[in-house]
Structures are given as structure tokens and as C-alpha cells.
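The values are calculated or read from the model by the stated rules, or taken from the named source; none is laboratory data. All figures in this text were calculated on a predicted structure; none of them were measured in a lab. Positions of Cβ are backbone-derived with ideal geometry, glycine not excepted, and every protein chain shown enters the neighbour counts.
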């Protein structure tokens, strides 16, 4: 009888130790999952509430320098003007591509980094020598919706997720090779589809 009680006691003690180990293993697994989720959250493309915040973060265009103007900040009628410098001796094709590229870039950047559903983008190049001098001859304006951009993204990159246009490198989000497809390889067809 004493042997039976000792055996039962031994099994209970071992069983408790096993349960304790199992609980610790489960606790460790849950903690690892939480750490991985936190890492994934920090690796998500940042979202901005306004265009101004988005432009400030990227530094691509600036009101101070004259490469960015907000024509309308009304959320129902957002209209932004962007400018990149050109040289007088640039080829006409290059000048036109700069304008198209800026529109494509700002449209897809906006839909990737904000929740804005529609905006109008005007691109008008300025002079490299005099940033306050704009070249009306090359000016283009396009009104684009998130849905239209999503259709274009799906057509050329097989996804409706705008975040694929960026990749994180050492804590900084930069345009990805997929974004380059839209801005360079497919520029003319993407621009025409946006129009």
C-alpha cells in the first residue's frame, strides 16, 4: 500500500513538472509570436493623414523651394502642384517624361502612404537655373482616384496592395523596383491609363 501511494505521489510530482514545462514552452511560444507581430507592425509602410505630412516625410517636393504648391486643400477637391527642374538643353522627350513621372509618382505615393481616395495632380517643370521660373508648355494635370490607381497597379504588377511599391531598408522606406516599373519601364502606358 505504501509503495502504491509512493508511486502515485511520484507520478503526480512528475506530472506537475511536465505541466510546468509545457506551460513555460507555451508561454515562450506566445511571447515569440508577440515579438514577431511587433516586428511586423514596425515594418509596415507608414501612413500619413495629410498630403503635407507625406511630402514632409519624403522630402521629394517642398513649398520652401518652390517645387510644391497646394492649389486646394479641401478634402473633397485636393489639388497639388509639383515641379522638378529641367535644363533648357534637355530633349523634349526627357522634359515630358519628367512631368509624367512626377504625376505617376505622386499619385501612387499618395495612395500607398495615405487614405486619400482622390486627388488632382499638376506637374509643371521649373528651371534648374531659376526655380521660380516655370515652363507652362509642359504642364500636365490629371485627376486620379484610388480605384483607378488600384486597377492600374493590378494590371501592371498583379496586386492591389499599394505597399508593394515600397521596401524597408534599415528603417527607411524607399520606392521599390516595382515602383520603378510604373515610373520608368511602363511610364507612358501608366500615365495614359491614369488620364
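Consider segment 30-52 and keep the residues that are at pLDDT 85 or above and closer than 21 Å to residue 169 by Cβ. The one that is surrounded by the fewest Cβ atoms within 10 Å (Cβ to Cβ) is 44.
Quick one: which residue in 160, 92 is without any contact (Cβ under 8 Å) to a residue 12 or more places away in the chain, more than 21 Å from residue 55 (Cα to Cα) and either touching a helix residue (DSSP H, G or I) at 6+ places or on another chain (Cβ under 7 Å) or surrounded by 16 or more Cβ atoms within 10 Å (Cβ to Cβ) (or both)? Selected residue: 160, the only one of 160, 92 that is without any contact (Cβ under 8 Å) to a residue 12 or more places away in the chain, more than 21 Å from residue 55 (Cα to Cα) and either touching a helix residue (DSSP H, G or I) at 6+ places or on another chain (Cβ under 7 Å) or surrounded by 16 or more Cβ atoms within 10 Å (Cβ to Cβ) (or both). Applying the selection to segment 72-89, what residues are loosely packed, with under 14 Cβ neighbours inside 10 Å and not in a loop (DSSP other than H, G, I, E, B)? Passing the criteria: only 72. Within the set 155, 137, 150, the sole residue that is outside any strand (DSSP E or B) and either under 15 Å from the mean Cα position of the chain (by Cα) or in contact (Cβ under 8 Å) with a residue 40 or more places away in the chain (or both) turns out to be 150.
Taking the criterion of being touching a helix residue (DSSP H, G or I) at 6+ places or on another chain (Cβ under 9 Å), more than 20 Å from residue 140 (Cβ to Cβ) and free of Cβ contacts under 8 Å to residues at least 40 places away in the same chain, the residues of segment 58-89 that qualify are 62, 63, 73. Number of residues in segment 110-123 that are in contact with a helix residue (DSSP H, G or I) (Cβ under 7 Å, 6 or more places away or on another chain) and surrounded by 18 or more Cβ atoms within 10 Å (Cβ to Cβ): the value is 8. Residue count for segment 163-195 under the criterion of being touching a residue at least 24 places away in the same chain (Cβ under 8 Å), more than 14 Å from the chain's Cα centre (by Cα) and outside any helix (DSSP H, G or I): the result is 2. The single condition among (1) surrounded by 14 or more Cβ atoms within 10 Å (Cβ to Cβ); (2) touching a helix residue (DSSP H, G or I) at 6+ places or on another chain (Cβ under 7 Å); (3) more than 20 Å from residue 70 (Cα to Cα) that residue 142 does not meet is (3). Residues in segment 93-121 that are more than 20 Å from residue 186 (Cα to Cα) and either touching a strand residue (DSSP E or B) at 6+ places or on another chain (Cβ under 6 Å) or part of a helix (DSSP H, G or I) (or both): 113, 114, 118, 120.
Search segment 163-195 for residues being touching a strand residue (DSSP E or B) at 6+ places or on another chain (Cβ under 7 Å) and more than 23 Å from residue 123 (Cα to Cα), and hand back the single one that is surrounded by the most Cβ atoms within 10 Å (Cβ to Cβ). It comes out as 173.
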